[in-house]
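The values are calculated or read from the model by the stated rules, or taken from the named source; none is laboratory data. What you see is a predicted model; the values in this text were computed from it and never measured. All Cβ positions, even for glycine, are placed from backbone atoms using ideal geometry, and neighbour counts span all protein chains on display.
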Amino acid sequence: MSAGRLAGSALVVLAGLMVGLPAMDWYSAATPSGRVSASGLSVSGVLWLAPVLGLAVGVAGAALAAAGSDRRAAVGRWAGPTAFIGALLILGAALWAAVEPGVALTVSGDGIEGAVAVSVVREAASWITPALAMVAATIGLAVSISAWRP
């Protein structure tokens, strides 16, 4: 397997993860009536960019993986920057959502009277998403440099 095909395949896998992780639990809190959690999409509106940008990263990766060896450099000239910029924007959105200081989880139902003061915990998806975006941005940058190198 060539480096271009491997990079494209990695971008497709990373894009799929970056599209799905914002829908998972990013925040949780233990309350007297049980555990309450919220997805990144329900707490931070900026994370709605991740599925769209992840699709762009995935398309760039798929094009790079599917390109023949004679076309890989030409495809890399647009696929690398697309993946790089898309992953950087996902990274920014994910970091913005992960460090959101004003997250408050509201619990309602039987047996709940008034507000409950508990600490909000950031779940694994809130740090895995930025890490995957950094890896995808690095791959996109490497593809860009390789494709535009004389």
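Taking the options ALA93, ALA125, name whichever one is in contact with a Phe, Trp or Tyr (Cβ under 7 Å, 6 or more places away or on another chain), small (Gly, Ala, Ser), more than 26 Å from ARG5 (Cα to Cα) and modelled with pLDDT of 90 or more.
On the way: ALA93 fails: in contact with a Phe, Trp or Tyr (Cβ under 7 Å, 6 or more places away or on another chain).
Just one listed residue meets the conditions, ALA125.
Among the residues of the range 40-56 satisfying the criterion of being touching a Phe, Trp or Tyr at 6+ places or on another chain (Cβ under 9 Å) and hydrophobic (A, V, I, L, M, F, W, C), which is nearest to ALA3 (Cα to Cα)? Break it down into steps so the answer makes sense when it comes.
If we filter the range 40-56 for residues that are touching a Phe, Trp or Tyr at 6+ places or on another chain (Cβ under 9 Å), which is where we start, we get 40-44, 46-47.
This time we only want the ones that are hydrophobic (A, V, I, L, M, F, W, C), so: 41, 43, 46-47.
Numbers: LEU41: 34, VAL43: 38, VAL46: 33, LEU47: 31 Å.
So the residue we want is LEU47.
So, SER28, is that one hydroxyl-bearing (Ser, Thr, Tyr) and touching a Phe, Trp or Tyr at 6+ places or on another chain (Cβ under 7 Å) or not? Steps first, please.
Working: hydroxyl-bearing (Ser, Thr, Tyr): yes; touching a Phe, Trp or Tyr at 6+ places or on another chain (Cβ under 7 Å): no.
Here the answer is no, as SER28 does not meet what is asked.
For the range 57-82, how many residues meet the condition of being over 20 Å from MET18 (Cα atoms), out of contact with any Ser or Thr (no Cβ under 7 Å at 6 or more places or on another chain) and either assigned to a helix (DSSP H, G or I) or hydroxyl-bearing (Ser, Thr, Tyr) (or both)?
Going through the range 57-82, the residues over 20 Å from MET18 (Cα atoms) turn out to be 66-78.
Among the residues that remain, those that are also out of contact with any Ser or Thr (no Cβ under 7 Å at 6 or more places or on another chain) are: 66-68, 70-75, 77-78.
Remaining after also requiring either assigned to a helix (DSSP H, G or I) or hydroxyl-bearing (Ser, Thr, Tyr) (or both): 66, 72-75, 77-78.
Total satisfying the criteria: 7.
Look at LEU64 and say whether it is under 29 Å from ALA142 (Cα atoms) and buried (at least 16 other Cβ atoms within 10 Å of the Cβ).
On the way: under 29 Å from ALA142 (Cα atoms): yes; buried (at least 16 other Cβ atoms within 10 Å of the Cβ): yes.
Criteria met by LEU64.
How many residues are under 30 Å from GLY76 (Cα atoms) and surrounded by 16 or more Cβ atoms within 10 Å (Cβ to Cβ) when one looks only at the range 18-45?
So the answer is 4.
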